[in-house]
Amino acid sequence: MSGSRYADAGVDLVRAEAAKERIGRAVAATRTPLSLGEVGAFGGMVRVPPGMRRPALVMSTDGVGTKVLVALAARRYDTVGEDLVNHSVNDILVHGARGIAFMDYIAGAGLGVEELAGIVEGVARACRAHDMALAGGETAQMPGLYAEGHFDLAGTIVGIVEEDEALHGDKVRPGDALLAYASTGLHTNGYTLARRIIFDRLALGLDDRLGETGSSVEDALLAVHRSYAPVILPALARVHGLAHITGGGISGNLARILPTGTAAVIDGDSWTIPPLFQFLQDAGEVAPAEMRDVFNLGVGLIAAVSPTDVSAVQAVAAGGDVRTWVIGEIIAADSGGRGDRSVTFSR
């Protein structure tokens, strides 16, 4: 038998090595003063930033879900890499932490140089934007487990925060205003339902116009998940709690930061649902309650702040070109019959 039996089985080491060279350049470009060790080592290392009193590590692992299927269809691979990093940055941001290191994991079958390197270059671009080291990662070709040309993408972030400055939700109290931060679209959740509506029910193509969004299907669905770190970190001292609105919607995620004895009331008339979500609701005949459970409805992050600090926190967001508005408030759990740690919509 001539040639490589491993390649015949579905793993091309020559192609993998070519991708590794481009990936190595992308990783090297993210090194920060905290980076240790060599690119390509078995493990990634970073220093704890100097001058911290009681540093606490905050870690999170996540993926981008079935958004990868849209990226595959569009042959655009770098934006999901950005999504992965930004989603992870937001997940530790809600604890008051900033990222110092990131690691990615790409598993698939039959992936070429452009696909593998493109994904990692998107990850690296987002890491550089956050002054965070891409400390390492893994690419695994697994034919038989994945369909040819398909992949999944996940990542782990390591962040740091002073232990006595970390946010756990315990600072949230009745009377706090709930400040909504606009999303850039679906972010990284709800894609299974969105794809079913757009591609299966309506049979739209990637180049087709998506309702009144002003965008093509491709551009609307691959809009990059926004990172809120640039507009939250400068205002962090005024923030009592933060909720990243991902799978589970506003109710499911806001409830995670409510202390015992409190509840949240959301004014459903405080914002206009963006055209993308309205399109999905109408075209898919999705009930309002399910829309609230599945999608962010234009709200990517919610901050609980004292009413006296709302203007200052909003000014920071405006300086970063992020739209905000007061979406509701925190109340005592027994006020108006609201249950403990519940989230209700007034309209």
Verdict on ARG226 being out of contact with any Asp or Glu (no Cβ under 6 Å at 6 or more places or on another chain), of a type in the set (Lys, Arg) and within 17 Å of PHE295 (Cα to Cα): yes
All positions within region 156-178 that are small (Gly, Ala, Ser) and surrounded by 23 or more Cβ atoms within 10 Å (Cβ to Cβ): GLY159
Residue in region 273-293 that is farthest from ARG209 (Cα to Cα), counting only those that are in contact (Cβ under 8 Å) with a residue 12 or more places away in the chain and outside any helix (DSSP H, G or I): VAL286
Residues (among the aliphatic types (A, V, I, L, M) and either in contact with a Pro (Cβ under 9 Å, 6 or more places away or on another chain) or modelled with pLDDT under 95 (or both)) located in region 169-183: VAL172, ALA177, ALA182
Subset tally (residues that are surrounded by 20 or more Cβ atoms within 10 Å (Cβ to Cβ) and assigned to a loop (DSSP other than H, G, I, E, B)) for region 109-119: 1
The one condition in (1) more than 26 Å from ARG341 (Cβ to Cβ); (2) small (Gly, Ala, Ser); (3) in a loop (DSSP other than H, G, I, E, B) that GLY169 fails to fulfil: (1)
Single residue of VAL239, VAL217, VAL158 found to be among the β-branched types (Val, Ile, Thr) and under 17 Å from the mean Cα position of the chain (by Cα): VAL158
Breaking point among (1) part of a strand (DSSP E or B); (2) more than 30 Å from MET52 (Cα to Cα); (3) at pLDDT 95 or above, for ILE198: (1)
For SER60: the one exception among (1) in contact with a helix residue (DSSP H, G or I) (Cβ under 6 Å, 6 or more places away or on another chain); (2) modelled with pLDDT under 80: (2)
Residue in region 218-227 that is modelled with pLDDT under 95, closer than 30 Å to ALA135 by Cβ and not hydroxyl-bearing (Ser, Thr, Tyr) present: no
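When you look at ILE245, is it among the β-branched types (Val, Ile, Thr) and crowded, with 21+ Cβ neighbours inside 10 Å, yes or no? Before the answer, list the steps.
Details: among the β-branched types (Val, Ile, Thr): yes; crowded, with 21+ Cβ neighbours inside 10 Å: yes.
Against the criterion (among the β-branched types (Val, Ile, Thr) and crowded, with 21+ Cβ neighbours inside 10 Å), ILE245 qualifies.
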Residues of region 183-205 satisfying the condition of being buried (at least 18 other Cβ atoms within 10 Å of the Cβ) and among the hydrophobic types (A, V, I, L, M, F, W, C): LEU186, LEU193, ALA194, ILE197, ILE198
Hey, ASP131 surrounded by fewer than 16 Cβ atoms within 10 Å (Cβ to Cβ), among the charged types (D, E, K, R), more than 30 Å from VAL326 (Cα to Cα) and at pLDDT 95 or above or not: yes
Qualifying position, being modelled with pLDDT of 95 or more and more than 20 Å from ALA243 (Cα to Cα), among ALA166, ALA140, ALA147, ALA126: ALA126
Leading residue by the ranking (farthest from ASN90 (Cα to Cα)) among those in region 296-331 that are free of Cβ contacts under 8 Å to residues at least 60 places away in the same chain and polar (S, T, N, Q): THR308
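Given the criteria in contact with an Asp or Glu (Cβ under 7 Å, 6 or more places away or on another chain), more than 30 Å from GLY122 (Cα to Cα) and in the same structural domain as LEU202 (by TED's automatic domain parsing), does THR260 qualify? Talk me through it step by step, then tell me what you get.
Numbers: in contact with an Asp or Glu (Cβ under 7 Å, 6 or more places away or on another chain): yes; more than 30 Å from GLY122 (Cα to Cα): yes; in the same structural domain as LEU202 (by TED's automatic domain parsing): yes.
When the stated conditions are applied, THR260 passes them.
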Condition met for VAL313 (within 25 Å of the chain's Cα centre (by Cα) and part of a helix (DSSP H, G or I)): yes
Pair list, Cβ < 8 Å and 6+ apart or interchain, from region 198-219 residues that are closer than 17 Å to VAL286 by Cα to residues that are small (Gly, Ala, Ser) and exposed (fewer than 12 other Cβ atoms within 10 Å of the Cβ): none
Hey, ILE106 part of a strand (DSSP E or B), β-branched (Val, Ile, Thr) and touching a Pro at 6+ places or on another chain (Cβ under 9 Å) or not: no
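The values are calculated or read from the model by the stated rules, or taken from the named source; none is laboratory data. Given the structure is predicted, the values throughout are model-derived calculations rather than measurements. Cβ coordinates were reconstructed from backbone atoms using ideal geometry, including for glycine residues, and neighbour counts include every protein chain displayed.
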